[in-house]
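To keep things clear, I will list the structure first and then write my remarks on it.
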Number of protein chains: 2
Amino acid sequence: MNPKIASFLADRIPATPCLVVDVDQVELRYCELEAALPLARIYYAVKANPALPVLQRLVALGSCFDAASWEEVSMCLEAGADSSAISFGNTIKKVSAITSAYAAGVSMFAFDCDEELDKLAIHAPGARVYCRLLVENAGADWPLSRKFGTSVEHARALMLRARDLGLDPFGLSFHVGSQQTDTASYEAAIGRAAMLFTDLAAAGLDIRMINLGGGFPTRYRDDVPEIDQFATAIGRAMTKHFGNALPETIVEPGRFIVGDAGVVSSEVVLVSRRALPGALPDDAQESVRWVYLDIGRFGGLAETEGESIKYQIRTPHDGSALGPVAIAGPTCDGADILYERSNYRLPLDLASGERVELLSTGAYVSTYCSTRFNGFAPLAEHYI
Amino acid sequence: MNPKIASFLADRIPATPCLVVDVDQVELRYCELEAALPLARIYYAVKANPALPVLQRLVALGSCFDAASWEEVSMCLEAGADSSAISFGNTIKKVSAITSAYAAGVSMFAFDCDEELDKLAIHAPGARVYCRLLVENAGADWPLSRKFGTSVEHARALMLRARDLGLDPFGLSFHVGSQQTDTASYEAAIGRAAMLFTDLAAAGLDIRMINLGGGFPTRYRDDVPEIDQFATAIGRAMTKHFGNALPETIVEPGRFIVGDAGVVSSEVVLVSRRALPGALPDDAQESVRWVYLDIGRFGGLAETEGESIKYQIRTPHDGSALGPVAIAGPTCDGADILYERSNYRLPLDLASGERVELLSTGAYVSTYCSTRFNGFAPLAEHYI
């Protein structure tokens with residue numbers, strides 16, 4: 001475990017559940033990505049963790065920002081970011097949000113349909129806009145579905161229309177899905193975007209940017225490819241399709257930057273044995289051990305939905321004999337189960353009242369947390 | 001739609017998204033349930049909606065309360081409830097929560113395993129405890145899984161052990177699942193609990209309470225049985241198994257009391273057309289209309305997970321021509337989709353910027369809401 005966080009937890013013994021984030025680790029990952037992809041500009045995906053200390057550190061490092069809402073734009077400005085360094089990357093924006101962001105100096109907006117383009121033309125006249133393409137999300141542990149992006153054919157029409165509406169249609173984007181573990185997915189998506197890029201340039205558009213989205217994975221329970229492997233795949237694909245005339249290139253990492261900088265400290269509320277899944281309620285011979293933590297799906301670990309993201313768990317008994325467990329949160333909600341089918345094993349000695357740590361929980365935890373489901377207060381956060 | 005809420009929305013035009021709850025409607029439902037089940041004592045499931053005006057009204061009506069956490073116990077006390085009217089119904093409790101509740105005068109606790117019984121014996125000596133049985137949840141739109149409850153055989157051993165530990169093992173409970181639409185599920189569960197009840201009484205235990213849990217449904221998009229039908233089924237089963245010697249009977253309604261007292265007002269952020277599910281991204285011929293609201297799964301509508309709870313939606317164009325839609329929330333999260341496969345149809349004229357209402361959203365909405373996912377503020381609440 002991160003030694004700085006381990007010291008903090010040992011010395012301070014903060015009330016649980018809480019999230020502790022090592023801001024130096026955030027910097028380390030930022031620099032690592034910058035080194036791996038020197039030609040790309042980093043737009044940190046604020047939604048992954050919008051805490052002020054994280055944003056301030058990234059501002060100091062020269063990062064740009066990908067905001068999902070006017071509120072996130074505000075947070076970036078408050079942290080000292082220049083409005084020119086902010087992209088409003090959500091393709092679904094209220095008119096009031098577009099107006100506020102544009103008034104604050106933001107001039108870069110995502111879109112993927114005619115209706116959003118109309119709103120941008122009226123409320124952000126002349127702004128730089130980029131169209132999001134729908135690409136395959138195979139290989140992603142947290143795919144992004146059909147909610148975003150459009151076809152190459154439709155994007156072509158949209159980009160030409162954007163010019164006619166007085167906007168500056170300067171680029172294309174895609175997203176291969178979050179926690180993407182297959183480098184080939186970027187190569188395929190780049191090829192798809194490059195074809196359209198070339199086509200639009202030939203049609204006379206001043207197109208000059210490719211936004212590769214985010215998706216770079218954090219190591220959870222399973223190994224993932226190193227960032228250099230993604231960088232190599234991306235570099236190869238960009239060179240293949242654009243040669244030396246590389247467009248301005250953007251990446252929008254969130255999880256990769258903050259994921260492994262965070263640790264959740266949690267108390268074991270209860271350890272008990274229950275009838276095996278599928279067994280009749282009266283069949284008490286066969287049982288499974290349940291471990292209930294004081295954080296669950298509604299306390300911040302929303303990405304355990306469908307057991308998608310599998311966090312590593314540290315206990316005071318690591319190294320001793322293990323046994324299978326189901327792991328659940330503390331609420332009265334039957335859906336508040338973290339892992340029941342993912343073959344988690346925890347020490348047989350683990351008991352209620354003890355503390356465990358969930359590793360690599362810096363991304364998509366603090367903000368997913370419910371306001372007070374079952375009365376529980378939101379997750380406490382410590383940035384060190 | 002509820003006329004009082006309709007007037008409030010028309011007159012005040014509150015910022016969206018927001019939840020408006022008619023507290024008089026809460027009272028109406030409470031009284032309806034009391035009339036239907038005159039022999040049962042009502043323990044309102046605070047987790048369904050812990051707003052102070054709701055709790056205060058229920059205190060005034062003489063309701064008891066089912067709390068899921070020490071924090072919910074506190075909310076009830078703050079609203080004026082007597083500690084003797086509070087049941088700590090979560091079977092998973094921190095020692096600190098048991099201690100605080102017991103010190104505040106709460107003397108009624110749920111359990112379903114040996115480990116929790118041990119905690120109660122130490123930290124709530126002499127308390128009344130009741131054991132939760134695992135029963136079938138078929139027929140429930142929001143089932144409660146294998147996370148709670150134990151077998152009849154194990155419950156028997158636990159109840160006898162509770163007595164040996166100096167506790168007062170006074171009852172049994174079960175939960176047939178939330179939004180339960182099959183009256184027969186109560187009959188089956190009562191039969192199961194009654195057998196054990198009789199057995200334990202014969203073994204000399206001073207057992208005297210049956211807790212039927214909650215689960216009574218709210219009308220969402222589909223019709224559900226009237227509360228009288230549940231009351232009839234419950235009354236018949238209780239009489240069949242207990243004759244005239246009815247035990248103290250408890251119900252724990254949450255959704256039934258507050259569900260249809262609430263309306264969410266939401267703004268349409270975007271209406272767009274996208275390639276049909278399953279179609280290749282380039283296949284632009286076939287498309288589906290997407291309606292994006294300013295509230296989604298992470299803004300409070302968590303029970304749309306798996307499209308389980310299907311809210312009715314009102315629009316300014318009701319009565320005009322309808323067409324199929326997919327409905328999604330405003331965040332950049334691909335999982336933030338409300339309905340894609342549930343055959344929702346909305347007016348073809350619906351446009352971005354207009355307001356819609358989601359009916360019967362008084363339960364399990366305000367507290368599920370995330371603290372600030374994608375930067376969005378928690379759902380505003382108005383109690384009228």
Residues of region B:19-50 satisfying the condition of being within 14 Å of another protein chain (Cβ to nearest Cβ) and either surrounded by fewer than 22 Cβ atoms within 10 Å (Cβ to Cβ) or in contact with a His (Cβ under 9 Å, 6 or more places away or on another chain) (or both): B:19
Complete set of residues in region B:325-347 that are assigned to a loop (DSSP other than H, G, I, E, B), within 14 Å of chain A (Cβ to nearest Cβ), more than 22 Å from residue A:68 (Cα to Cα) and not basic (Lys, Arg): B:340
Residue B:381, sole failed condition from (1) surrounded by 17 or more Cβ atoms within 10 Å (Cβ to Cβ); (2) within 8 Å of another protein chain (Cβ to nearest Cβ): (2)
Those residues of region A:348-362 which are away from chain B (no Cβ under 12 Å) and part of a loop (DSSP other than H, G, I, E, B), in sequence order: A:348, A:349, A:360, A:361, A:362
Filter result for residue B:175 (in contact with a Gly (Cβ under 6 Å, 6 or more places away or on another chain), surrounded by 23 or more Cβ atoms within 10 Å (Cβ to Cβ), within 12 Å of another protein chain (Cβ to nearest Cβ) and at pLDDT below 95): yes
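Sort through A:153, A:187 and tell me the only one that's out of contact with any Pro (no Cβ under 8 Å at 6 or more places or on another chain), part of a helix (DSSP H, G or I) and within 11 Å of chain B (Cβ to nearest Cβ).
A:153
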Count of region A:118-150 residues which are over 19 Å from the mean Cα position of the chain (by Cα) and within 10 Å of another protein chain (Cβ to nearest Cβ): 3
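Residue by residue, here is whether (1) in the same structural domain as residue B:190 (by TED's automatic domain parsing); (2) at pLDDT below 95; (3) at negative phi; (4) in contact with a Gly (Cβ under 7 Å, 6 or more places away or on another chain) holds:
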position: B:243; (1), (2), (3), (4): yes, yes, no, no
position: B:268; (1), (2), (3), (4): no, no, yes, yes
position: B:296; (1), (2), (3), (4): no, no, yes, yes
position: B:311; (1), (2), (3), (4): no, no, yes, no
position: B:320; (1), (2), (3), (4): no, no, yes, no
Selected residue (only one of B:78, B:71 is within 18 Å of the chain's Cα centre (by Cα) and charged (D, E, K, R)): B:71
The listed residue being in contact (Cβ under 8 Å) with a residue 12 or more places away in the chain, closer than 19 Å to residue B:198 by Cβ, more than 8 Å from every other protein chain (Cβ to nearest Cβ) and buried (at least 22 other Cβ atoms within 10 Å of the Cβ), out of B:101, B:162, B:110: B:162
Index of the failed condition, residue B:121 passing every other in (1) without any contact (Cβ under 8 Å) to a residue 40 or more places away in the chain; (2) surrounded by fewer than 20 Cβ atoms within 10 Å (Cβ to Cβ); (3) not in a loop (DSSP other than H, G, I, E, B); (4) not charged (D, E, K, R): (1)
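Please pick out the residue among B:286, B:305 that is at pLDDT below 95, surrounded by fewer than 22 Cβ atoms within 10 Å (Cβ to Cβ) and within 30 Å of residue B:2 (Cβ to Cβ).
B:305
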Count - residues of region A:58-77 that are more than 8 Å from chain B (Cβ to nearest Cβ) and either aromatic (Phe, Trp, Tyr) or over 12 Å from residue A:104 (Cα atoms) (or both): 9
Flag if residue A:335 is surrounded by 19 or more Cβ atoms within 10 Å (Cβ to Cβ), in contact with a strand residue (DSSP E or B) (Cβ under 8 Å, 6 or more places away or on another chain) and either without any contact (Cβ under 8 Å) to a residue 40 or more places away in the chain or assigned by TED's automatic domain parsing to the domain that holds residue A:68 (or both): yes
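Looking at region B:260-269, which of its residues are within 17 Å of residue B:338 (Cβ to Cβ) and crowded, with 24+ Cβ neighbours inside 10 Å?
If the condition is that a residue be within 17 Å of residue B:338 (Cβ to Cβ) and crowded, with 24+ Cβ neighbours inside 10 Å, then B:262, B:263, B:264, B:265, B:266, B:269 are the ones that fit.
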So residue A:262, is it among the small types (Gly, Ala, Ser), under 26 Å from residue A:58 (Cα atoms) and in contact with an Asp or Glu (Cβ under 8 Å, 6 or more places away or on another chain): yes
Of all residues making up region A:174-197, the number that are closer than 19 Å to residue A:223 by Cα and either touching a residue at least 60 places away in the same chain (Cβ under 8 Å) or among the polar types (S, T, N, Q) (or both): 6
Odd one out for residue B:15 among (1) within 14 Å of another protein chain (Cβ to nearest Cβ); (2) among the small types (Gly, Ala, Ser); (3) buried (at least 22 other Cβ atoms within 10 Å of the Cβ); (4) in contact (Cβ under 8 Å) with a residue 40 or more places away in the chain: (3)
Residue in region A:364-377 that is over 28 Å from residue B:89 (Cα atoms) and either assigned to a strand (DSSP E or B) or touching an Asp or Glu at 6+ places or on another chain (Cβ under 6 Å) (or both) present: yes
Answer residue from region A:1-50, given it is in contact with a helix residue (DSSP H, G or I) (Cβ under 7 Å, 6 or more places away or on another chain) and among the polar types (S, T, N, Q) and is nearest to residue A:330 (Cα to Cα) among those: A:49
Whichever residue in region A:226-246 is exposed (fewer than 14 other Cβ atoms within 10 Å of the Cβ) and among the polar types (S, T, N, Q) and, among such residues, is farthest from residue A:29 (Cα to Cα): A:244
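The values are calculated or read from the model by the stated rules, or taken from the named source; none is laboratory data. On a predicted model such as this, the values are computed, not experimentally measured, just so you know. Every residue, glycine as well, gets a Cβ built from its backbone with ideal geometry; the counts of neighbours run over all protein chains shown.
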